[in-house]
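Below: one structure, written as structure tokens.
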Amino acid sequence: MFKEIKKIIELAKDTNTEVFLVGGYIRDFLLKKESLDIDLVVSKYVESFAKKLARLISGKCFLLHSDLQVYRVAVFNNQNIRYIDISLMQGKNIEQDLKKRDFTINSLAVKIENFDNIKKNIIDCCNGIKDLKTKEIKAMSKNVFIKDPLRMLRAFRFASEYNFKISKQTLLLMKKYASKISSVAGERIKNELFRIFSNKKSSQYVFIMDEIKLLESMFSVITKMKKSAKNFYYHPKGLFQHCFQTYEALENIFIKLDKFFHNSKDLLEQHLNKQFSENITRKNLLKFIALFHDCAKPETAKRIGNKMRFLGHEKLGAKKTVEIMKGLKMSNKEINFAKTIISEHMRPSSLAKAEVITKKAQTRLFRDIKENTPDLLILAMSDWHSYKNLKVCSKNILKCQEKYVAKLIFNYFDFINRKPKNKIIDGNILMKKFNLKPGKIIGELLKIINNAYEENRIKDEKSALNFVKPQLTQLKEKYKIM
């Protein structure tokens, strides 16, 4: 970082340009937090300054915002990448520029030549230092969210990352302009939203986002959930209350992994923290899923006898969530993960109803859901927890369900880490014994045998041949073998 700063100082002198370090770097400096990226304001020649700087520090320069004349220089260092954003001064001087920024905590500047003594040379014309001390996020002006509606999400992201509060006036302003968030590109929304979800107690911010109508301005399906399900759902405020309480329960489970999953806590923690992409982990993607896992219940609600049923809501809910995720420009891996979890989220409940979960049923679950098994089970547990303050919930049944999930997750890690058994049979033996030619039928026979072997239903070659013999006729018909 200091190498780049030194080059910036030299370039400012050589080009006779006023250069200011602004915003986030100074904010983080005062909060004693590391900041890898820096923002600069230059008084003139912004394009040529950015290109010259890129050459000096062996970075890559590109235009970030044409209207505001903002350039970005990407600096590569081994596996890390840092960004230096350079913008043309807005107004006649730095004070006028600072007054056009988003929040007071970001309205701080230091002339680059004073970098070695930042604290004594901070330009603070908007009480930014005071708001940093009181830990409050305040909008700079009444039109701050009109200029860029994404700033509403940025306010919540700052609140979640720094444990700050958003001022009442700023929240009222957000409520007024919440609908404008729909004009923001999905990818920009995604980047801010998942940084908020990364907070271990993010539900408090999601709750406020919902109160000011920001959440449903981003996702119209939430409005439908609120309006459509009040008359046929257990939760007093309807279906979305259930989904939000599933989200809250999920966060509580994550915080208390040691309590619920003592025997597999470390493996589970590693699993949940695996990244799909920047800022998106299994853990915070599950939070996103929790908000939408029942989104198709309004369309599928049907009274059968004395009970309300939602037949097919899992598959339709998965489809609707996939469309939301595509709008956010999420990756195929992330979309497929959500699709699996939502479309299968009722399966653990069906299994839990059995007095004894057979090894066969357990193994089938692990094989079908694969590496997403722990995630599915934890979502199911969160789903159950969302009912625990309602009369319909039995505390004894909930305890049994918790033990069932803990056992299955432990068994899952044991299953995937277990050394594979030696093969008891191969395709050549099957072809010779049953007079078959190479083809798909051999692969299917081997799959049937291997599954039965894993479930300890067969133990050797003889029992394997006896096991598949009754299924041979049906398979021959399937593959049209005479």
- Message: For the structure I just gave you, tell me whether Pro470 is over 24 Å from Ala354 (Cβ atoms), of a type outside the set (Phe, Trp, Tyr), free of Cβ contacts under 8 Å to residues at least 12 places away in the same chain and not in a helix (DSSP H, G or I).
- Response: no
- Counting just the residues of segment 392-401 that are within 13 Å of Ala352 (Cα to Cα) and touching a residue at least 40 places away in the same chain (Cβ under 8 Å), which one comes out surrounded by the fewest Cβ atoms within 10 Å (Cβ to Cβ)? Cys400
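Name the residues in segment 409-448 that are among the acidic types (Asp, Glu) and in a loop (DSSP other than H, G, I, E, B), would you?
We begin by selecting, within segment 409-448, every residue among the acidic types (Asp, Glu); these are 414, 426, 444.
Across segment 409-448, the qualifying residue is only Asp426.
Being touching a residue at least 12 places away in the same chain (Cβ under 8 Å) and either under 30 Å from the mean Cα position of the chain (by Cα) or not assigned by TED's automatic domain parsing to the domain that holds Gln401 (or both) is the filter here, so list the residues in segment 344-361 that pass it.
The answer is Glu344, His345, Met346, Arg347, Pro348, Ser349, Leu351, Ala352.
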- Which residues, taken from segment 362-395, are within 19 Å of the chain's Cα centre (by Cα) and among the polar types (S, T, N, Q)? Asn372, Thr373, Ser382
- Would you point out which residue out of Phe415, Phe410 is touching a residue at least 60 places away in the same chain (Cβ under 8 Å), surrounded by 11 or more Cβ atoms within 10 Å (Cβ to Cβ), among the aromatic types (Phe, Trp, Tyr) and closer than 26 Å to Arg347 by Cβ? Phe410
- Top-ranked residue in segment 116-146 [being among the aliphatic types (A, V, I, L, M) and in contact (Cβ under 8 Å) with a residue 60 or more places away in the chain; ranked as farthest from Ile181 (Cα to Cα)]: Ile118
- Hey, could you check segment 127-142 for residues that are part of a loop (DSSP other than H, G, I, E, B) and touching a Phe, Trp or Tyr at 6+ places or on another chain (Cβ under 9 Å) and say which is surrounded by the most Cβ atoms within 10 Å (Cβ to Cβ)? Lys138
- Message: Please determine whether any residue of segment 172-187 is outside the structural domain of Ile105 (by TED's automatic domain parsing) and within 17 Å of the chain's Cα centre (by Cα).
- Response: yes
- Query: For the subset of segment 41-93 comprising residues that are touching an Asp or Glu at 6+ places or on another chain (Cβ under 7 Å) and in a loop (DSSP other than H, G, I, E, B), which member is nearest to Ile26 (Cα to Cα)?
  - Reply: Met89
- For segment 147-179, how many residues are more than 17 Å from Asp210 (Cβ to Cβ) and touching a residue at least 60 places away in the same chain (Cβ under 8 Å)? 1
- Item | Failed criterion for Ile105 (all others in (1) buried (at least 16 other Cβ atoms within 10 Å of the Cβ); (2) in a helix (DSSP H, G or I); (3) without any contact (Cβ under 8 Å) to a residue 60 or more places away in the chain hold) | (3)
- Query: Quick one: which helices (runs of 4 or more DSSP H) sit completely within segment 328-378 and have at least 2 residues that are farther than 21 Å from Gln401 by Cβ and of a type in the set (A, V, I, L, M, F, W, C)?
  - Reply: 332-343
- Could you tell me whether any residue of segment 379-391 is at pLDDT below 85 and crowded, with 18+ Cβ neighbours inside 10 Å? yes
- What do you reckon, is Ile409 among the aliphatic types (A, V, I, L, M) and over 28 Å from Ile341 (Cα atoms)? no
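For residues that are touching a Lys or Arg at 6+ places or on another chain (Cβ under 9 Å) and surrounded by fewer than 20 Cβ atoms within 10 Å (Cβ to Cβ), scanning just segment 73-88, find the one that is nearest to Lys13 (Cα to Cα).
Kept after step one, since they are touching a Lys or Arg at 6+ places or on another chain (Cβ under 9 Å), are these residues of segment 73-88: 73-76, 83-86, 88.
Still in the running and surrounded by fewer than 20 Cβ atoms within 10 Å (Cβ to Cβ): 74, 76, 83, 85, 88.
Values: Ala74: 22, Phe76: 25, Tyr83: 22, Asp85: 19, Leu88: 17 Å.
Per the stated criteria, the residue is Leu88.
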- Considering segment 287-307 alone, what residues qualify as being among the hydrophobic types (A, V, I, L, M, F, W, C), in contact with a Gly (Cβ under 9 Å, 6 or more places away or on another chain) and free of Cβ contacts under 8 Å to residues at least 40 places away in the same chain? Ala296
- Any hit, segment 90-97, residues being surrounded by 20 or more Cβ atoms within 10 Å (Cβ to Cβ), of a type in the set (D, E, K, R) and closer than 20 Å to Met140 by Cα: yes
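The values are calculated or read from the model by the stated rules, or taken from the named source; none is laboratory data. Just so you know, these numbers come straight off a predicted model, no measurement behind them. Using ideal geometry, Cβ is built from the backbone for each residue, glycine included, and neighbour counts are taken over all protein chains shown.
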